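Just so it is clear, none of the values below were taken in a lab; they were calculated from the coordinates. None of these values were measured; they are calculated from a predicted model. All Cβ positions, glycine included, derive from the backbone under ideal geometry; neighbour counts span all protein chains shown.
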Ligand code: G3I
């Protein structure tokens, strides 16, 4: 994977860049932006086009927009020999979202979180809408973030991410309206009766979805409502309201933002099994009852080397209901430390996951749960695992990136 030849080529090109006039940048590669220090001259036939303050790109047939080009600062991620992983496929990639769109998907996207947005090199890549055409706030639209105190709504942090997506021309997946986790104790331990909890839940869904009305491509209205055996999770919503809470939440969301697609989202509904069957049966029932439901969200928090072989068959089953399916939180974790062989396995896993979605017309989008290992949730929960995302902790593309690009090509 990391051959000495690749290292030698990389080092020699660095030396040449320093010794000579600027080399030309190949089509679709970066040619400018804050923090960018490379060549700003595009290959003949291409022009350097500003996509955002941090990223300009050589686009065939375009005229160079010189005001977009800046190389005044030098904050670049350090790259060691062990992280020279960007393959030929990735250096020539037009970007994962661009590829996904060409393949008929609506978007390729990433989760993000507010604290990460002060990291300018991170934000630059996140804002590159050739890579990401969609953002999901990883935490800032959850119940604890939006209604920590009953009846007092706070949208500042969610607004920051929605505004960033808007500025970048990216869609937003709203995440999430009703979830047992990150639920303030005033809700989970409030001891409310059925009617009161319905009204609290309806009000929450209505207030949040109304605040973001018109700005959300799809809402994860309900998150993680099933146990592994396919029974309903005994959240406060289920134990107080019963199964009816699902339809009540969906109807409230539709009323508040009629244009947002409404999803039920869960993990371990990747391959076939009891939980996937429960999801299928519930969505079939909701459709039969006329309850608004547009999509099934497949989180896809996966383990490298253990990705189910039934992904495509399972997602085709979901899609046969007539709803969209989306991969909403993809990451594929590795037992640390990484090796070339493990990264190669992970690349194969990513390729298979993306290819399974691409094969299904109703699989409309893929979101990775942040794009860099620097901000992955995995190590904080699985102490021996990590390296789950296509960019490493230095914001350098891993073999998984090229594998995704290949599956989308
Ligand atoms: O904001 C506080 C900060 O003030 C405090 O100093 C710090 C100390 O631990 O905690 C911060 O809160 C953390 C929060 O993320 C924001 O970073 C919480 O402890 C931490 O538990 C929380 O983790 C989030 C997790 O959901 C909680 O369940 C992850 O970031 C988020 O990526 C993760 O996302 C979930 C999806 O919503 C649903 N599917 C599974 C996925 C992964 O767990």
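Given a Förster distance of 25 angstrom, what is the FRET efficiency for residue 26 paired with residue 344, based on the Cβ-Cβ distance and rounded to 0.05?
With a Förster radius of 25 Å, E is 0.50.
Can you compute the modelled spin-label distance between residue 188 and residue 156, with each label point 7 Å from Cα toward Cβ, in nm?
2.5
Could you work out how far apart the two model spin labels at residue 37 and residue 409 are, taking each label as a point 7 Å from the Cα in the direction of the beta carbon, and quote it in nm?
Result for the modelled spin labels: 3.0 nm.
For 237, 232, what ranking results if the residue with the fewest other Cβ atoms within 10 Å of its Cβ goes first?
Taking fewest neighbouring Cβ atoms as first place, the list is 232, 237.
Can you classify segment 239-387 as rounded, prolate or oblate using the Cα gyration tensor, where a ≥ b ≥ c are the square roots of its eigenvalues, rounded means a/c under 1.5, and otherwise it's prolate if a/b beats b/c and oblate if not?
Prolate is the answer for segment 239-387, as a/c is 1.5 or above and a/b outweighs b/c.
For segment 104-206, report the translational diffusion coefficient in µm²/s to the nearest whole number, using Stokes-Einstein at 20 °C, 1.002 mPa s, and a Kirkwood Rh over Cα pairs.
Reported coefficient: 144 µm²/s.
Shape call for segment 122-277 from the C-alpha gyration tensor, a ≥ b ≥ c root eigenvalues: rounded (a/c under 1.5), prolate (a/b greater than b/c) or oblate?
oblate
Once you order the gyration tensor axes a ≥ b ≥ c over the Cα atoms, which shape class does segment 205-276 get: rounded for a/c under 1.5, otherwise prolate or oblate by comparing a/b with b/c?
It is oblate, given that a/c is not under 1.5 and a/b is not larger than b/c.
Can you tell me the order of 370-379, 176-185 when each peptide is scored by its average per-residue count of other Cβ atoms within 10 angstrom, highest first?
So the peptides 370-379, 176-185, ranked by packing, come out 370-379, 176-185.
Taking a virtual spin label 7 Å from the Cα of residue 231 along the C-beta vector, which residues in segment 194-212 bring their backbone nitrogen under 19 Å of it?
none
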